[in-house]
Amino acid sequence: MNTLELIAKKDETVRSHTRKGDLLKHFKMYKWLYLFLIPGFLYLFVFKYIPMFGIVIAFKDFSLVRGIWASKWIGFENFTYLFESKDFYKVLRNSLILSFYQTLFGFPAPILLAVMLNEVRHLLFKRVSQTLLYLPHFISWVVLAGMVINFLSPSTGPVNYLIKSMGFEPIPFLLKPEYFRTILISAEVWKGVGWGTIIYLAAMTGIDPSLYESAKIDGASRLQQIRYITIPGIASTVVVLLILQLGHILDNGFEQVYLLYNPRTYDVADVFETYTYRIGLIDGRLSFAAAVGLFKAFVGLVLILIANRIARLFGKQIW
């Protein structure tokens with residue numbers, strides 16, 4: 001080994017010890033923060049990673065009596081039946097359409113609302129508005145569905161009361177397939193817009209105020225400040241939340257759909273959550289339900305990878 005190789009090896013050893021020393025100092029300095037992470041990691045490990053061993057059910061003819069490992073192995077039969085089923089394509093279509101509407105209307109709503117609230121200079125009005133907008137987030141879907149049903153009731157609902165006062169016949173909105181998606185998406189946007197608004201407002205607090213002062217000196221209008229300072233300042237947050245939402249594009253939620261749909265709206269309302277509930281718990285076909293869930297997870301993983309790749313191409317790499 002020549003002199004240059006010895007020097008290089010020595011330098012690498014020194015750098016390695018330095019890195020280890022810096023790492024130990026880092027852990028000692030932030031030991032309490034890492035201690036607070038332990039419950040979160042335990043939750044993920046117990047409720048997210050350990051249940052992943054149950055994926056094998058999707059490839060078996062699962063029997064509660066025999067258990068997971070003793071049940072008969074059937075390979076991809078559940079997936080073959082799934083893709084050949086007519087209900088699958090109806091459920092897939094409904095899930096994609098509802099997710100598309102939710103992304104189209106629900107994703108930009110908190111961004112626009114946060115930008116408008118950020119421009120409010122009356123502090124009391126701003127705080128009251130934030131509180132009122134955030135309150136629906138704490139309302140359970142059971143209560144909210146009851147509110148929607150009563151609000152749109154053909155006999156006692158205020159909407160139909162207004163319709164009847166104008167000389168028209170009352171409309172049973174929840175029994176009409178053409179109204180179901182509009183009602184569901186409207187309720188979801190109203191319930192979730194406050195939560196998203198707080199996230200974007202928190203991101204806006206990280207924008208350097210001197211940027212706005214410089215823009216004012218240069219004669220920039222409020223719209224120009226929003227366009228060139230506020231929006232770029234929260235762009236990374238927008239990208240992260242969009243990627244997370246794309247990963248759940250086939251997750252439409254069970255409670256809201258189950259509580260609002262009925263047999264007359266199955267054709268436009270039945271999604272993977274309600275479909276899995278019927279075939280898995282009511283019909284007892286747990287293996288088939290697991291196959292549906294695994295298909296959803298695979299699609300979500302692919303969409304997250306694609307979205308992250310697109311984000312990297314636009315210079316918004318998140319990992």
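Helix-only estimate, please: 222 nm mean residue ellipticity of the chain, summing -39500 (n - 2.57) across DSSP H runs of length 4 or more and dividing by its residues, to the nearest 500.
When only DSSP H runs of four or more count, the value is -20500 deg cm²/dmol.
Simple spin-label model, 7 Å along Cα-to-Cβ: ILE171 to LEU301 in nm?
Taking the simple label geometry, ILE171 and LEU301 are separated by 4.4 nm.
Which number do you get for Rg(Cα) / (2.2 N^0.38 Å) in the chain?
Cα Rg divided by the expected 2.2 N^0.38 Å: 1.34.
With springs connecting C-alpha atoms under 10 Å apart, model the chain as a Gaussian network and identify which of TRP32, TRP73, TRP141 has the largest mean-square fluctuation.
TRP32
Hey, in the GNM for the chain with a 10 angstrom Cα cutoff, which one of ARG181, ARG278, ARG222 fluctuates hardest?
Answer for the Gaussian network model of the chain: ARG222.
Taking K and R as +1 and D and E as -1, what net charge do the other residues with C-beta under 14 Å from the C-beta of ILE55 add up to?
So the surrounding residues net to +3.
Only four residue types carry charge here, +1 at the Cβ of Lys and Arg and -1 at the Cβ of Asp and Glu. Report the dipole size of the chain about the Cα centre in Debye, rounded to the nearest 20.
Magnitude of the dipole: close to 740 debye.
For VAL159 and LEU42 in the same chain, what is the full-extension length gain: residue separation times 0.36 nm, less their Cα-Cα distance, in nm?
Extra length from VAL159 to LEU42 when fully extended: 37.3 nm.
With the contact rule set at Cα under 8 Å and sequence spacing of 6 or more, what percent relative contact order holds for the chain?
24 percent
What residues qualify as long-range amide H neighbours of PHE62, i.e. H under 5 Å apart, gap of 5 or more or another chain, H built at 1.01 Å from N?
Answer set, sorted by chain and number: SER287.
Put a dot 7 Å past each Cα toward the Cβ at LYS72 and ALA202; how far apart are the dots in nm?
A separation of 5.2 nm, rounded to one decimal place.
Suppose R0 equals 35 Å; then what is the FRET efficiency for PHE105 and LYS25 from their Cβ-Cβ distance, rounded to the nearest 0.05?
The value I calculate is 0.10.
Kirkwood hydrodynamic radius of segment 106-200 from all distinct Cα pairs, in Å?
The Cα-based Kirkwood calculation yields 15.1 Å.
Pairwise over distinct Cα atoms, reciprocal of the mean inverse distance: report the Kirkwood radius of segment 30-93 in Å, one decimal place.
14.9 Å
Using only C-alpha atoms and all pairs of different ones, pull out the Kirkwood radius for segment 217-274 in Å with one decimal.
Value: 14.9 Å, from the Cα pair sum.
When the chain is modelled as a GNM with alpha-carbon springs shorter than 10 Å, which of LEU23, LEU37, LEU184 fluctuates the most?
LEU23
At 7 Å along Cα-to-Cβ for each site, give me the label-to-label distance between HIS137 and HIS248 in nm.
According to this spin-label approximation, the distance is 1.3 nm.
Rounded to the nearest 0.05, what FRET efficiency do LYS216 and LYS126 have when you use their Cβ-Cβ distance and R0 = 22 Å?
Efficiency for this residue pair is about 0.65.
To the nearest 0.05, how large is the calculated FRET efficiency for ILE97 and ARG278 if R₀ is 25 Å and r is the Cβ-Cβ distance?
Between ILE97 and ARG278 the formula returns 0.80.
Holding the Cα-Cα limit at 23 Å, pick out from LYS90/LYS296; LYS90/LYS176; LYS90/LYS191; LYS60/LYS90; LYS126/LYS191 the pairs that are longer than that.
Distance filter (> 23 Å) returns LYS90/LYS191; LYS60/LYS90.
For PHE100, what charge total do you get from the other residues with a beta carbon under 14 Å from its beta carbon, if Lys and Arg give +1 and Asp and Glu give -1?
So the environment of PHE100 carries a net charge of 0.
Provide, as a two-decimal number, the C-alpha radius of gyration of segment 145-202 over 2.2 N^0.38 Å, N being how many residues it has.
Taking the Cα Rg and dividing by 2.2 N^0.38 Å, one obtains 1.42.
Just so you know, all these numbers are worked out from the coordinates, no wet-lab data involved. Because the structure is predicted, anything quoted here is derived from the model rather than measured. Cβ: placed from backbone, ideal geometry, glycine included. Neighbour counts: every protein chain shown.
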